[in-house]
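Comments concern the structure below.
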Amino acid sequence: MRNLVLAATLSLIALPAAAQTVFPSMELDFTQAKATIGVGGQQGSFKLIAGAMQFDAAKPENSTIAISLDVGSLDNQELQTALDLEHYPELRIQSTAPAKGNAGGETLPTILTIHEIDRPAMLKVSFTNVSAQGVTVHAEANVKSGDYKLAGKSGPISIVVDAPFKRVASRGG
């Protein structure tokens, strides 16, 4: 399952060749990443998270991010049922434009996919531990559960991701 989730995530982040030379490729360090979801009074943590990003160290807000959360790795059975694990095994977050700064920090326009329903979502993001070797992304989103047709759940869906990304070694060429 991890290979399928990672392959799907990496395919989401394909950029034109010119952009790839500007942004070094980074992979999510799934051994250190944390992601939680809350909905309808229930909270759960994902144990399997995959992701990739094209990172611009000079302007982190221009980075593109794709993250996949494996519903089967969620530690809350009730949320697995609400998210319909059997039919929809993953949630996806894909950035769609550069982040925008404001007094409250950075906001990143994304598409959030739950139940194969794509909806725009603004993530509050911060970039820390920035170095030539990697960066840590903290992202938070709150969306309406009704937009995603969750079984027996109402109210906001909150998603929080703490994702360390590490630079991928160059492949010849």
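The values are calculated or read from the model by the stated rules, or taken from the named source; none is laboratory data. All of these numbers come straight from a predicted model, not from anything done at the bench. As a convention, Cβ positions derive from the backbone with ideal geometry for all residues, glycine included, and neighbour counts pool all protein chains shown.
Things to note:
- Of all residue pairs spaced 6 or more apart or on separate chains, those with beta-carbon atoms under 6 Å, a first member in segment 139-156 that is among the charged types (D, E, K, R) and a second member that is outside any loop (DSSP other than H, G, I, E, B) and surrounded by 13 or more Cβ atoms within 10 Å (Cβ to Cβ) are GLU140/LYS124; GLU140/VAL160; ASP147/ARG119; LYS153/VAL39; LYS153/ALA82; LYS153/SER145.
- Given (1) of a type in the set (Val, Ile, Thr); (2) surrounded by fewer than 23 Cβ atoms within 10 Å (Cβ to Cβ); (3) touching a residue at least 60 places away in the same chain (Cβ under 8 Å), index of the condition THR96 fails: (3)
- Considering segment 23-45, the residues that are assigned to a loop (DSSP other than H, G, I, E, B), under 27 Å from SER131 (Cβ atoms) and touching a residue at least 40 places away in the same chain (Cβ under 8 Å) include one that is nearest to the chain's Cα centre (by Cα), namely ALA33.
- Filter result for SER73 (modelled with pLDDT of 90 or more and either surrounded by fewer than 17 Cβ atoms within 10 Å (Cβ to Cβ) or in contact with an Asp or Glu (Cβ under 6 Å, 6 or more places away or on another chain) (or both)): no
- Among the residues making up segment 151-163, those that are surrounded by fewer than 21 Cβ atoms within 10 Å (Cβ to Cβ) and touching a strand residue (DSSP E or B) at 6+ places or on another chain (Cβ under 8 Å) are LYS153, GLY155, PRO156, SER158, VAL160, ASP162.
- Here segment 76-93 is the region considered, the condition is being among the acidic types (Asp, Glu) and without any contact (Cβ under 8 Å) to a residue 60 or more places away in the chain, and the residue that is surrounded by the fewest Cβ atoms within 10 Å (Cβ to Cβ) is GLU86.
- A Cβ distance below 6 Å, combined with a sequence gap of six or more or placement on separate chains, defines the contacts here; from segment 108-134, residues that are over 14 Å from ALA163 (Cα atoms) and touching a residue at least 40 places away in the same chain (Cβ under 8 Å) reach residues that are surrounded by fewer than 18 Cβ atoms within 10 Å (Cβ to Cβ) and of a type in the set (Lys, Arg) in the pairs LEU112/ARG119.
Here is a yes/no grid of residues against (1) within 20 Å of GLN54 (Cα to Cα); (2) modelled with pLDDT of 90 or more; (3) of a type in the set (Gly, Ala, Ser):
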| position | (1), (2), (3) |
| --- | --- |
| LEU85 | no, yes, no |
| PRO98 | yes, no, no |
| GLY101 | yes, no, yes |
| ILE114 | no, yes, no |
| ASP118 | no, yes, no |
| ASN129 | yes, no, no |
| PHE165 | yes, yes, no |
| VAL168 | yes, no, no |
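- When the residues of segment 102-143 are filtered to those that are part of a loop (DSSP other than H, G, I, E, B) and in contact with a Phe, Trp or Tyr (Cβ under 7 Å, 6 or more places away or on another chain), the one that is nearest to LEU85 (Cα to Cα) is HIS115.
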